[in-house]
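Structure first, then comments.
All of the numbers you see were taken from the coordinates with simple rules; none came from a lab. These numbers come from a predicted model, not from an experiment. Heads up, the Cβs are rebuilt from the backbone with ideal geometry, glycines too, and the neighbour counts pull from every protein chain shown.
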Amino acid sequence: DLDETMIYCLTGQNAGKSKKCTSTSGTTATFVVAWPLDVAAGDTFMTGGCVPTQTLALTLTSDLTGVNGALAPTGAAYNVVELRFKDRSSSYAYITFGDHAFCTRPT
């Protein structure tokens, strides 16, 4: 389910651009603002799994430098400050933790 996530275009006419996905149905994604150029067959995309200002829960890696996507969230609350997309191996989410003065815990 990609509702309320950021989708980043890796290849194609929109490469390097990202948009917020508001809903999905089957193989169709709906965006708040249309892509500036037409999306074509063969274009590739990735998702950030969240959007800036969103408060969520996650499971951190043992060294606390990454998110372990293989495990279900265990309740470490965080707020997404910014997403930086480059490619599948060097994209980043800048976050603040839920016990930080500027972040609220998810409900």
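Annotations
- Ranked by how many other beta carbons lie within 10 Å on average, peptides 27-36, 9-18 from highest: 9-18, 27-36
- Database remark: amide H of Thr5 closer than 5 angstrom to the amide H of Cys21 (H placed geometrically; neighbours at sequence offset of 5 or more, or on other chains; Pro and chain starts carry no H).
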